[in-house]
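First the structure, in the form of structure tokens, and then the observations on it.
The values are calculated or read from the model by the stated rules, or taken from the named source; none is laboratory data. What you see is a predicted model, and the numbers here were worked out from it, not measured in a lab. Here the Cβ positions follow ideal geometry from the backbone for every residue, glycine too, while neighbour counts run over all protein chains shown. Just so you know, the surface numbers come from the protein's heavy atoms only, side chains and all, with ligands and any DNA or RNA stripped out. Shrake-Rupley method; radii C 1.70, N 1.55, O 1.52, S 1.80 Å.
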Amino acid sequence: MNLESTDKLIKLGLILPCYNEEEILEYTSEKLNSYISNLISKQILHPGSFICFVDDGSRDKTWTIIQKLVSQNTIFKGIKLSGNFGHQNALIAGMFSEKVNADCLITIDADLQDDITVIEQMLSHYRSGSKVVYGVRDNRDNDTFFKKFTAQSFYKLMSAMKVKTVYNHADYRLVDSVVISHLEKFEEVSLFLRGIIPLIGFSSSSVYYKRDIRIVGETKYPFRKMLSFAWNGITSFSTAPLRVIFYLGIFMFLTSVCLGIWVIFSMVVGNTIQGWASSLLLNLTFSGINMICLGIIGEYIGKIYQEVKSRPRFIIEKIISNGN
């Protein structure tokens, strides 16, 4: 393979956020190394293509395994964050650090539940002009009923709130380095990539695949984290909850006016009833609604508080490579 021919090949970087992934990291590295090396040998990818693991403050032997992998094979790179900054921040840490070293980057979870065989399709779309290629699940047969219902409800809710997302797409995507350069201009702390990437624009396309079950280990996104992630996405991109509060306030005001008229009428005709049940019920209802409204407003105020502080979204402690 001469120098001129390699210049025409796509230099790809894979970014894998890792948090306590010691059980599966050896398997993942072997699968990815075999697949990417095969694409390089077929002259689909540039020989300088690489696989970068981002250790998001793991408490197990994840970083030790990454160091070993990097020392054994030049295709691997490692980024160690100084603490646990979260999945989304680990993704952008990898993308921002490695965008200058590749034509495009693909982000994928370390458990390899996402089908890596569609990477070749992603590259084909990229060659055809797509600056962003989304990996989209074509079904959720492996999910429980509850997981399927909540996930689909989330995408439908985001759509109803006019937030542009790709249905059934998580964070498995190919992104051109130019797009990542524009992504860096988004400086908000609560960075919701599933909404921001489509917002940036540029030509995009999708590939479809079936998601596999996790081979070993436990999911790093239990229901509590999924709920928090969904709420973060909604409040980061839509003021619809605040608008709902406004409409709810109008409804409560009109209801109060109607009740006031009824009370005055009852007093005039002498049909007042001495009792506590109805009064207590109304007080509890309106108090509960008020507390919910205050909670939603508090969430938005909390986001303003976080943004004003302008704290860094991630801190890189160490970057290691072996020849790239």
Practice problem: Give a residue-ordered list of calculated ³J(HN,Hα) values for the range 109-118 (Karplus: 6.51 cos²θ - 1.76 cosθ + 1.60, θ = phi - 60°; whole Hz; x for Gly, Pro). | Solution: 6, 5, 6, 6, 5, 7, 6, 6, 5, 7
Quiz item: Local charge sum around GLN72 (other residues, Cβ-Cβ under 12 Å, Lys/Arg +1, Asp/Glu -1)?
Solution: -1
Quiz prompt | Inter-site label distance for THR74 and ASN322 at 7 Å from Cα along Cβ, in nm | solution = 1.2
Quiz item: Tell me, what is the 1.4 Å probe accessible area of GLU120, in Å² to the nearest 10?
Solution: 70
Quiz item: Stretched out fully, how many nm does the piece from ASP138 to GLU120 gain, at 0.36 nm a residue minus the Cα gap?
Solution: 4.7 nm
Self-check item: For SER206, residues with placed amide H under 5 Å, excluding near neighbours
Solution: TYR134
Quiz item: Hey, any idea what % of the range 18-99's accessible area is carbon plus sulfur with a 1.4 Å probe?
Solution: 44
Quiz item: Rounded to the nearest 0.05, what FRET efficiency is calculated for GLU188 and ASP60 with R0 set to 35 Å and r the Cβ-Cβ distance?
Solution: 0.70
Quiz item: Sorted by packing (mean other beta-carbon atoms within 10 Å per residue), highest first, where do 34-44, 56-66, 194-204 land?
Solution: 56-66, 194-204, 34-44
Quiz item: Amide H neighbours of PHE76 under 5 Å, counting only residues 5+ apart in sequence or on other chains, H built in-plane at 1.01 Å?
Solution: ILE51
Practice problem: Provide the FRET efficiency to the nearest 0.05 for the TYR300-GLU23 pair, computing r from the beta carbons and using R0 = 41 Å. | Solution: 0.55
